[in-house]
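Visitor: Here you go, one structure.
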Ligand code: NAD
Ligand code: DAU
């Protein structure tokens with residue numbers, strides 16, 4: 001039986017990946033290492049905990065001693081690193097922890113993968129490392145050759161990690177791959193992010209804070225399609241390569257917010273335009289030609305279907321997100337939005 005380490009598996013995408021792998025492979029052990037920051041939630045992994053092929057370990061990827069001892073014990077065949085500080089607004093407010101987790105944590109994992117048997121390593125990165133594209137050039141897309149050009153402390157930390165990953169490939173021959181995905185949405189999305197925040201606020205008839213004029217464009221992908229892509233890269237991706245993941249699903253923020261309101265039957269008068277995010281990226285758009293041609297990946301869920309499924313999931317799983325927004329999150333919301 002092979003064993004995969006999934007770091008950050010108590011967060012949004014990592015947990016979806018844990019469930020994807022446990023469902024797809026009956027002969028794979030999945031070990032999740034997560035320090036349970038504000039974004040990690042054991043409730044999310046409740047069903048996985050009942051699976052004998054799953055193990056949860058509470059630990060920090062920057063803790064070299066703990067990471068080495070886990071690698072020594074588990075003899076991993078694969079490592080997939082989702083663990084990160086992931087929210088751009090928080091990185092603008094307090095950058096340091098982003099550098100620590102996203103860069104130094106990645107380095108610890110790379111060292112462990114090198115030390116304990118040259119383990120196949122996959123880094124979950126982001127399209128944000130490419131910076132942004134202008135709104136008046138719809139013909140432009142991010143390819144794997146687009147230069148790194150970051151905007152926020154978050155994207156700068158993710159880009160730094162990517163450079164380290166490639167350095168470990170070139171210098172030490174560590175078998176690595178990197179994926180750079182566009183914006184995900186779906187079950188277990190943390191309520192600080194655009195779509196779940198708008199769902200929660202609309203249901204409470206609170207105002208929906210749209211940054212700037214709402215014309216910024218994001219390229220949305222249903223989270224399961226991201227998980228499928230990572231699984232395919234682990235199986236058949238070429239080591240030393242970067243793969244962009246995205247499904248040509250560009251929407252302005254205003255379009256997304258209005259879609260959420262329409263599905264929930266709420267009024268557009270709830271929308272409130274607030275002060276813009278500093279350094280706000282205008283447009284992200286992925287060219288997924290490489291992963292489609294090399295690995296046969298394509299997105300299975302359209303935005304119309306995915307957003308309906310997502311809103312339904314949030315309606316059916318209110319205790320999951322209500323617990324979050326009624327806890328520590330109250331202070332966060334107050335700090336970020338009260339004077340905006
Ligand atoms: P998330 O914030 O929902 O989850 C992050 C998880 O990592 C949490 O469970 C948290 O507890 C854990 N974690 C944080 N610091 C840790 C540490 N030092 N040690 C161990 N665990 C730690 O994030 P997400 O949205 O699921 O993103 C996962 C990964 O995917 C990130 O690397 C992010 O950069 C990348 N990504 C996200 C998106 C997106 O749209 N959300 C798109 C592309 C790439
Ligand atoms: O592109 C991939 C990235 O997508 C990931 O690497 C990040 O981890 C993930 O958080 C996401 O980053 P964004 O900054 O694009 O996501 P966010 O949900 O924070 O914001 C999406 C857009 O909505 C962005 O243009 C800012 C805007 N926004 C966001 C919030 C939270 C608002 O207008 N109002 C809000 O309250």
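Visitor: Could you tell me the center-to-center distance, by alpha carbons, between the stretch 205-222 and the stretch 176-197 in angstrom?
Guide: Centre-to-centre (Cα) distance: 14 Å.
Visitor: Working from the alpha-carbon coordinates of the stretch 228-340, get Rg over Rh, Rh being the Kirkwood radius.
Guide: Numbers: Rg = 18.4 Å, Rh = 17.7 Å.
A ratio of 1.04.
Visitor: When 1/r is averaged over all different Cα pairs and the result inverted, which Kirkwood radius in Å belongs to the stretch 267-323? Walk me through the numbers before you get to the answer.
Guide: Details: mean 1/r = 0.0635 Å⁻¹.
Computed over the stretch 267-323, the radius equals 15.7 Å.
Visitor: Quick one: if you stick a label point 7 Å off each Cα along the C-beta vector at residue 239 and residue 280, how many nm between them?
Guide: Placing both labels 7 Å along Cα→Cβ, they lie 4.4 nm apart.
Visitor: Given C-alpha coordinates of the stretch 83-213, what is the ratio Rg to Rh with the Kirkwood estimate of Rh?
Guide: Rg/Rh for the stretch 83-213 comes to 1.03.
Visitor: How big is the convex hull of the Cα atoms of the stretch 132-202, per residue, in Å³?
Guide: Details: hull volume 10.6 nm³, N = 71.
In the stretch 132-202, the Cα hull volume divided by residue count equals 149 Å³.
Visitor: If you average 1/r over all unlike Cα pairs in the stretch 177-218 and invert the result, what Kirkwood radius do you get in angstrom?
Guide: On the way: mean 1/r = 0.0826 Å⁻¹.
Final number for the Kirkwood radius of the stretch 177-218 is 12.1 Å.
Visitor: A further question follows. When the Kirkwood radius is taken over all Cα pairs of the stretch 230-277, what Stokes-Einstein diffusion coefficient follows at 25 °C and 0.890 mPa s, in µm²/s?
Guide: Numbers: Rh = 14.5 Å.
Here the translational diffusion coefficient equals 169 µm²/s.
Visitor: For the chain, find the longest principal axis of its Cα atoms and tell me its angle to the long axis of helix 253-264, 0 to 90°, nearest 10.
Guide: 80
Visitor: What whole number of Å gives the distance from the Cα centroid of the stretch 1-36 to the Cα centroid of the stretch 270-340?
Guide: So the two Cα centres are separated by 22 Å.
Visitor: Also, I was wondering about something else. Pulled fully out, how much extra length does the chain show between residue 211 and residue 309, if you take 0.36 nm times their separation in residues and subtract their Cα-Cα distance?
Guide: On the way: separation 98, 0.36 × 98 = 35.28 nm, distance 2.51 nm.
So the chain would gain 32.8 nm between residue 211 and residue 309.
Visitor: At 4 °C and 1.567 mPa s, grab the translational diffusion coefficient of the chain from Stokes-Einstein with a Kirkwood Rh over Cα pairs, rounded to a whole number in µm² per second. Please list the in-between numbers first.
Guide: On the way: Rh = 20.3 Å.
In µm²/s, the coefficient rounds to 64.
Visitor: What nm value, rounded to one decimal, do you get for the distance between residue 171 and residue 49 when each label is placed 7 Å out toward the C-beta?
Guide: Using points 7 Å along Cα→Cβ, the separation is 4.0 nm.
Visitor: Next up: May I ask you to compute the full-extension gain from residue 135 to residue 26, defined as 0.36 nm times their residue separation minus their alpha-carbon distance, rounded to one decimal in nm?
Guide: Values: separation 109, 0.36 × 109 = 39.24 nm, distance 4.54 nm.
My answer for the length gained is 34.7 nm.
Visitor: Take the Cα radius of gyration of the stretch 91-164 and divide it by 2.2 N^0.38 Å, with N its residue count; two decimals is plenty. Mind showing how you got there, number by number?
Guide: Numbers: Rg = 14.6 Å, N = 74, 2.2 N^0.38 = 11.3 Å.
In units of the globular-protein estimate, the stretch 91-164 measures up at 1.29.
Visitor: For the chain, what is the calculated [θ] at 222 nm in deg cm²/dmol (nearest 500), taking -39500 (n - 2.57) for each run of four or more DSSP H residues and dividing by its residue count? Walk me through the numbers before you get to the answer.
Guide: On the way: 13 runs with 138 residues, N = 340.
Counting only the DSSP helices, I get -12000 deg cm²/dmol.
Visitor: Could you work out the Rg to Rh ratio of the stretch 163-277, with Rh taken as the Kirkwood radius (inverse of the mean 1/r over all Cα pairs)?
Guide: Values: Rg = 18.2 Å, Rh = 16.3 Å.
Radius of gyration relative to Kirkwood radius: 1.12.
Visitor: How many angstrom lie between the Cα centre of the stretch 110-169 and the Cα centre of the stretch 45-86?
Guide: Cα centroid to Cα centroid, the span is 22 Å.
Visitor: Still on this model: Could you tell me the convex hull volume per residue, in Å³, taken over the Cα atoms of the stretch 39-112? Write out the running numbers ahead of the final one.
Guide: Values: hull volume 7.5 nm³, N = 74.
Once divided by residue count, the hull of the stretch 39-112 is 102 Å³.
Read the figures in this text as sums done on the coordinates, not as results from a lab. All of these numbers come straight from a predicted model, not from anything done at the bench. Cβ coordinates were reconstructed from backbone atoms using ideal geometry, including for glycine residues, and neighbour counts include every protein chain displayed.
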